[in-house]
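The values are calculated or read from the model by the stated rules, or taken from the named source; none is laboratory data. This is a predicted model, so every value here is computed, not measured. Neighbour counts are summed over all protein chains in view; Cβ atoms, including those assigned to glycine, are modelled from backbone coordinates with ideal geometry. Side chains included, ligands, DNA and RNA excluded: accessible areas come from the protein's heavy atoms. Shrake-Rupley method; radii C 1.70, N 1.55, O 1.52, S 1.80 Å.
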Amino acid sequence: MNIRMTTSAPSVLNTVAALRRQVAGWRRAGETVALVPTMGALHPGHLSLARLAMDRADRCIVSIFVNPTQFGPGEDFGSYPRSLEADIAQLRDIGVDAVFTPDATQMYPQGFATTIALKGPAEAGLEDKFRPTHFSGVATVVAKLLIQCMPDLAVFGEKDFQQLAVIRRLTADLDLPTTIFGAPTLREADGLAMSSRNVYLSPEERRVAPLLRETLGGTADVIAAGRDPGAAIERACEAIEQGGFKLDYLEFRDAASLGPAVRGQAARLLVAARIGRTRLIDNVAVSYGGGNEP
Ligand code: PAF
């Protein structure tokens, strides 16, 4: 574990050139570097990713960039919460070394014409079914961030479970020299997964929202006890819809491939559902016939 004694302000880097100068300096001093990509509006879940990164590397950079290419038409790019000053203050308090805050012209200069085409986990029929251009935008920006920074490791939340699988695949397939870590989902006291989009929930929607985690947890227990997953999932779908959600999907998948769950192998239940104008996603690990995640 790396012990950090100071909480001085992080360097705020706005350009790829400044980022590379900073990383090169650390490299010359023999230090290892971790990157935590975010879109800002930081909450304790993001800070837990940064803490994990700080435990595993000498230097930690958090990037903050609301990436336009991963939002589809009619999604919330314009209204996505932005709170740069408060974000930097939180990162200072936990001792992050640098914050990379490029603007859109740094990331997508005039004439930008390259995107990453994906298969495998990006075509699992989960988020990709409802947000068909999302992962191409995520993969392109994450590949750029990894190439710009060339960190030893990067940390992503398990809450976006399909995203994590896509990024692991991308990193392996493009031979990027970065180890990808998934970090457990942080939850509110009532079980709701922390998300920057939770601010969209009305008080009544916020009261109902923990039903998603509750239902996932109950269903995972029923499957772990050896009952039929199909029937358990059917009951879960009904419970979620009766709670006032519009369900996009509730799927039981193999945790590694995101294909159908296989008895004896680590499995996940994944859900996406809308309540009012907010779309929530969540997932939990399932012990299926003795298969558990390492
Ligand atoms: O998970 C997110 O916040 C974003 O999808 C990411 C990985 C920072 C890419 O913009």
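Key figures for this structure:
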| read-out | value |
| --- | --- |
| Criterion: outside any strand (DSSP E or B), aliphatic (A, V, I, L, M), farther than 24 Å from ILE167 by Cβ and more than 14 Å from the ligand (Cβ to nearest atom) - qualifying residue of ALA117, ALA113, ALA9 | ALA9 |
| Candidate set: region 33-84, residues that are of a type in the set (Ser, Thr, Tyr) and either assigned to a strand (DSSP E or B) or more than 13 Å from the chain's Cα centre (by Cα) (or both); chosen: the one nearest to ASN198 (Cα to Cα) | TYR80 |
| Residue in region 128-149 that is surrounded by the fewest Cβ atoms within 10 Å (Cβ to Cβ), counting only those that are assigned to a helix (DSSP H, G or I) and among the polar types (S, T, N, Q) | SER136 |
| Criterion (modelled with pLDDT of 95 or more, within 26 Å of LEU258 (Cβ to Cβ) and more than 11 Å from the ligand (Cβ to nearest atom)) met by exactly one of GLY125, GLY95 | GLY125 |
| Residue satisfying all of: in region 128-138; away from the ligand (no atom under 13 Å from the Cβ) and touching a Phe, Trp or Tyr at 6+ places or on another chain (Cβ under 8 Å); nearest to ALA273 (Cα to Cα) among these | PHE130 |
| Residue that is nearest to the chain's Cα centre (by Cα), among those in region 183-194 that are within 13 Å of ILE281 (Cβ to Cβ) and in a loop (DSSP other than H, G, I, E, B) | THR185 |
| Only one of ARG235, ARG197 that is assigned to a helix (DSSP H, G or I), open to solvent by 10 Å² or more (accessible area, probe 1.4 Å) and either touching a Leu at 6+ places or on another chain (Cβ under 7 Å) or more than 13 Å from the ligand (Cβ to nearest atom) (or both) | ARG235 |
| Filter result (out of contact with any Phe, Trp or Tyr (no Cβ under 9 Å at 6 or more places or on another chain), open to solvent by 30 Å² or more (accessible area, probe 1.4 Å), part of a helix (DSSP H, G or I) and hydrophobic (A, V, I, L, M, F, W, C)) within region 200-232 | VAL222, ALA231 |
| Inter-residue pairs, beta-carbon under 7 Å, first within 23 Å of ARG59 (Cα to Cα) and in region 97-109, second open to solvent by 20 Å² or more (accessible area, probe 1.4 Å) and basic (Lys, Arg), 6+ apart | ASP97/ARG59; MET107/LYS144 |
| Residue check, SER63 open to solvent by less than 20 Å² (accessible area, probe 1.4 Å), within 20 Å of ASP103 (Cα to Cα) and either at pLDDT 95 or above or within 16 Å of the ligand (Cβ to nearest atom) (or both) | yes |
